[in-house]
1. What helices (runs of 4 or more DSSP H) lie completely within region 87-181 and have 2 or more residues being over 21 Å from LYS8 (Cα atoms) and touching a strand residue (DSSP E or B) at 6+ places or on another chain (Cβ under 7 Å)?
2. Take the residues in region 22-38 that are touching a residue at least 24 places away in the same chain (Cβ under 8 Å) and more than 12 Å from the ligand (Cβ to nearest atom), then tell me which one is surrounded by the fewest Cβ atoms within 10 Å (Cβ to Cβ).
3. So which pairs qualify, if the first residue must be in region 97-110 and more than 18 Å from VAL155 (Cα to Cα), the second must be not in a helix (DSSP H, G or I), the Cβ gap must be under 7 Å, and the two must be at least 6 apart or on different chains?
4. Out of all the residues in region 39-62, which are surrounded by 12 or more Cβ atoms within 10 Å (Cβ to Cβ) and either within 10 Å of the ligand (Cβ to nearest atom) or in a helix (DSSP H, G or I) (or both)?
5. Mind listing whichever residues of region 123-144 are β-branched (Val, Ile, Thr) and free of Cβ contacts under 8 Å to residues at least 40 places away in the same chain?
6. What about SER199, is it away from the ligand (no atom under 14 Å from the Cβ) and either modelled with pLDDT under 95 or part of a loop (DSSP other than H, G, I, E, B) (or both)?
7. Tally up the residues in region 2-21 that are under 16 Å from TYR72 (Cα atoms) and surrounded by fewer than 18 Cβ atoms within 10 Å (Cβ to Cβ), please.
8. Are there any pairs, at least 6 apart or on different chains, whose C-beta atoms fall under 7 Å, with the first in region 175-202 and of a type in the set (S, T, N, Q) and the second crowded, with 18+ Cβ neighbours inside 10 Å and in a helix (DSSP H, G or I), and if so, which?
Amino acid sequence: MKIYQTHKAPNPRRVRVFLAEKGIEMDYVEVDIAAGENLSPAMRAKNPTTKIPFLELDDGTCLGETLAICRYFEELHPENPLMGRTPLEKAQVEMWHRRIEFHFMLPIGMCFQHTTGYFKDRMTPVEEWGKESGKNAIAYFDELNEHLKESTYLVGDYFSIADIVLLCAIDFARVVQIRPSDEHSHLLAWYERVSARPSYSA
Ligand SMILES: N[C@@H](CCC(=O)N[C@@H](CS)C(=O)NCC(=O)O)C(=O)O
């Protein structure tokens with residue numbers, strides 16, 4: 001099996017960090033999304049949404065969506081669970097994962113796409129929307145900081161896939177000059193903790 005990815009893009013990194021935490025080795029195929037390689041007919045045949053990452057199994061089955069790929073490996077390798085250990089914890093991980101995706105990662109992605117014009121060959125950037133999205137992402141730092149005042153990780157003292165999505169989104173946010181400020185001391189302390197893990201460099 002192999003994963004099609006672009007090394008510097010944030011969604012494939014979520015999968016790489018997840019697999020590194022689980023100690024799973026993987027083969028990767030590098031796709032140049034800036035050049036539109038993901039849009040080619042050959043790629044579309046494998047992955048109709050054209051978004052990376054996607055997993056190709058040895059029998060040719062292709063699986064897209066970062067979370068679905070992680071779910072597949074969580075089920076195949078349940079040891080060292082990253083998606084929750086109890087019914088409540090599984091629900092809490094999902095709650096935070098969705099919150100981070102909707103309230104932080106997606107706005108960062110919108111800010112990037114609509115203010116930089118990086119994908120202007122395949123979409124129409126709307127700069128005002130990009131700026132507004134960036135403001136919304138920055139505003140969410142306050143909520144995260146408040147939550148992490150009492151919590152080592154997003155779900156208590158349990159490191160999970162929710163921390164991975166936040167870590168990858170915060171690092172990616174630097175491309176649009178968005179980062180937590182000194183007043184977000186609990187968020188910054190959380191960042192120190194998660195970025196010290198060996199999986200950070202995946
Ligand atoms: N919902 C998808 C989003 C994937 C996504 O947006 N990937 C970006 C790179 S991080 C991409 O493929 N961009 C290329 C394009 O839009 O043409 C997931 O979670 O995997």
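The values are calculated or read from the model by the stated rules, or taken from the named source; none is laboratory data. In this text, all values refer to a predicted model and were calculated from it rather than measured experimentally. As a convention, Cβ positions derive from the backbone with ideal geometry for all residues, glycine included, and neighbour counts pool all protein chains shown.
1. Details: elements: 87-100, 106-116, 127-148, 161-173.
Where helices (runs of 4 or more DSSP H) fall fully within region 87-181 and carry at least 2 residues being over 21 Å from LYS8 (Cα atoms) and touching a strand residue (DSSP E or B) at 6+ places or on another chain (Cβ under 7 Å), they are 87-100.
2. Selected residue: ASP27.
3. ILE108/ILE178
4. Residues of region 39-62 that are surrounded by 12 or more Cβ atoms within 10 Å (Cβ to Cβ), as a first pass: 39-40, 43-44, 46-47, 50-56, 62.
Those that are surrounded by 12 or more Cβ atoms within 10 Å (Cβ to Cβ) and either within 10 Å of the ligand (Cβ to nearest atom) or in a helix (DSSP H, G or I) (or both): LEU39, MET43, ARG44, LYS46, ASN47, THR50, LYS51, ILE52, PRO53, PHE54.
5. First pass over region 123-144, keeping only residues β-branched (Val, Ile, Thr): 124, 126, 138.
THR124, VAL126, listed by residue number.
6. On the way: away from the ligand (no atom under 14 Å from the Cβ): yes; either modelled with pLDDT under 95 or part of a loop (DSSP other than H, G, I, E, B) (or both): no.
No, not satisfied.
7. The total comes to 1.
8. SER195/LEU167; SER199/VAL17; SER199/ALA20; SER199/GLU21
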